[in-house]
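Structure first, commentary second.
The values are calculated or read from the model by the stated rules, or taken from the named source; none is laboratory data. It should be emphasised that the depicted structure is a prediction, and the values quoted were computed from it without experimental measurement. Methodologically, a virtual Cβ is constructed for each residue, glycine included, from the backbone with ideal geometry; neighbour enumeration extends over all protein chains shown.
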Amino acid sequence: MSHVRIRIDLAYDGTAFHGWATQPGLRTVQGELQEALGTALRVKRTGERAQVWVTVAGRTDSGVHARGQVAHFDIDAEILESSRGRSEQTPLEALVRRLNGILPADLRVRRATEAPEGFNARFSALSRRYVYRIVDDPAFVDPLQRLAVLYRTRPLDLSAMNVASADLVGLNDFASFCKPREGATTIRNLRQLTWDRRDDGIIEATVVADAFCHSMVRSLVGCLMVIGEGRKDVAWAKVSLAARTRTSSIPIAPANGLTLEEVAYPPDDMLAAQHERTMNRRTESDLEANDRDRD
């Protein structure tokens, strides 16, 4: 039997999910998707582990949304072919149709494609782009957007926030902005952190990095909102970064304002090389070499 790797592009409203990763007794995106895949592909469960295991580009926290999430799973080609039944659609077109007929309305599969050789949704990714949305003017408050936009009563100074954000961009140890996980590195390459106000009054923080550690985006946003409200000066973000210590003084912004918008990948012939680079864990020596290059 030959196996194929399938890439899935999906979107979800994270409000009623306890994050991406499966957790016993809790509703999660991974749990819902894997159950639906098992049903759509007519694959039976054995024990507690789902028969179709999904690997994701970025594990979103409880309450965080996604428009551009990417995942993959491996399946026997014969099982995929037989799952379409009498449908005249291709097996993958039929799979998308069946999945969206099974899944709840707050989780949608946008497309399913056969992944190129070397593709891994998590380790082949070049970057993830998140957007955090805020409204700080009551004239622009829209109750229909309340599940995806954070409302603040204090006006935000975006100029100060952009100045402070610039001090955080680059290859740094973001331990001050991450919930610690044993054995995990907190060194990340933050490529973009900018703030803009749209014509409809919504403030958007665009955050792009090669990867993010746990709660990093929401902690960065929380820190910069404190500066934007005038409670700290613009240097506070840089000082906090240099401390490399997680403290309660840096608030974690609420989850509802955050959306994973895009996961970027290299050309197909570079997927395997990107995977290998990602697997090389960054260390303090990488920061030192980066500092030398800056000088």
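Working only within segment 139-156, note down all residues that are surrounded by 15 or more Cβ atoms within 10 Å (Cβ to Cβ) and over 23 Å from residue 62 (Cα atoms).
140, 156
Exactly one of (1) buried (at least 19 other Cβ atoms within 10 Å of the Cβ); (2) β-branched (Val, Ile, Thr); (3) at pLDDT 95 or above; (4) touching a Gly at 6+ places or on another chain (Cβ under 8 Å) is unmet by residue 6. Its number?
Failing condition for residue 6: (4).
Kindly indicate whether residue 242 is at negative phi and assigned to a helix (DSSP H, G or I).
Numbers: at negative phi: yes; assigned to a helix (DSSP H, G or I): yes.
So residue 242 fits the description; yes.
Would you check if residue 66 is under 28 Å from residue 147 (Cβ atoms), at pLDDT 95 or above and buried (at least 17 other Cβ atoms within 10 Å of the Cβ)?
So residue 66 fits the description; yes.
Considering only segment 172-183, I want to know if a residue exists there that is in a helix (DSSP H, G or I), touching an Asp or Glu at 6+ places or on another chain (Cβ under 9 Å) and touching a residue at least 12 places away in the same chain (Cβ under 8 Å). First the steps, then the outcome.
So in segment 172-183, the residues in a helix (DSSP H, G or I) come out as 175-177.
In the following step, the residues that additionally are touching an Asp or Glu at 6+ places or on another chain (Cβ under 9 Å) were identified as none.
Within segment 172-183 (the criterion being in a helix (DSSP H, G or I), touching an Asp or Glu at 6+ places or on another chain (Cβ under 9 Å) and touching a residue at least 12 places away in the same chain (Cβ under 8 Å)), the answer is no, since none of the residues qualifies.
State yes or no: is residue 154 basic (Lys, Arg), part of a loop (DSSP other than H, G, I, E, B) and closer than 27 Å to residue 196 by Cβ? Spell out how you get there, then give the answer.
Values: basic (Lys, Arg): yes; part of a loop (DSSP other than H, G, I, E, B): yes; closer than 27 Å to residue 196 by Cβ: yes.
In short, yes.
Tally the residues that are more than 21 Å from the chain's Cα centre (by Cα), aliphatic (A, V, I, L, M) and in a strand (DSSP E or B), restricting the search to segment 67-90. Don't jump to the end; show me each part of the working.
The initial filter retains those residues of segment 67-90 that are more than 21 Å from the chain's Cα centre (by Cα), namely 74-90.
Filter again for aliphatic (A, V, I, L, M), leaving 75, 77, 79-80.
Checking which are in a strand (DSSP E or B) leaves us with 75.
Total meeting the criteria: 1.
Of a type in the set (A, V, I, L, M, F, W, C), closer than 25 Å to residue 14 by Cβ and within 23 Å of the chain's Cα centre (by Cα), is that true of residue 226? Outline the logic, then answer.
Numbers: of a type in the set (A, V, I, L, M, F, W, C): yes; closer than 25 Å to residue 14 by Cβ: yes; within 23 Å of the chain's Cα centre (by Cα): no.
The answer is no for residue 226.
Would you please list the contacts, defined by Cβ atoms under 6 Å and residues six or more apart or on different chains, that run from a residue in segment 211-224 that is crowded, with 23+ Cβ neighbours inside 10 Å to a residue that is of a type in the set (A, V, I, L, M) and part of a helix (DSSP H, G or I)?
What qualifies is 223/237; 224/161; 224/164.
Would you check if there is a residue in segment 121-135 being assigned to a helix (DSSP H, G or I), in contact (Cβ under 8 Å) with a residue 24 or more places away in the chain and over 20 Å from residue 70 (Cβ atoms)? Lay out the reasoning, then the answer.
The initial filter retains those residues of segment 121-135 that are assigned to a helix (DSSP H, G or I), namely none.
No, that holds for no residue.
Any chance you could count how many residues in segment 191-239 are part of a loop (DSSP other than H, G, I, E, B) and more than 12 Å from residue 174 (Cα to Cα)? Steps first, please.
Pass one, segment 191-239, residues part of a loop (DSSP other than H, G, I, E, B): 198-202, 210-215, 229-234.
Next, from what is left, pick out any that are more than 12 Å from residue 174 (Cα to Cα): 198-202, 210, 229-234.
Residues in segment 191-239 being part of a loop (DSSP other than H, G, I, E, B) and more than 12 Å from residue 174 (Cα to Cα): 12 in total.
I'd like the residue in segment 91-120 that is in a loop (DSSP other than H, G, I, E, B) and surrounded by 13 or more Cβ atoms within 10 Å (Cβ to Cβ) and, out of all such residues, is nearest to the chain's Cα centre (by Cα). Break it down stepwise before answering.
Step one: list which residues in segment 91-120 are in a loop (DSSP other than H, G, I, E, B), which gives 103-106, 115-120.
Narrowing the set further to residues that are surrounded by 13 or more Cβ atoms within 10 Å (Cβ to Cβ) leaves 103-104, 106, 115-116, 118-120.
Working: 103: 20, 104: 20, 106: 17, 115: 20, 116: 22, 118: 21, 119: 18, 120: 15 Å.
Per the criteria, the residue is 120.
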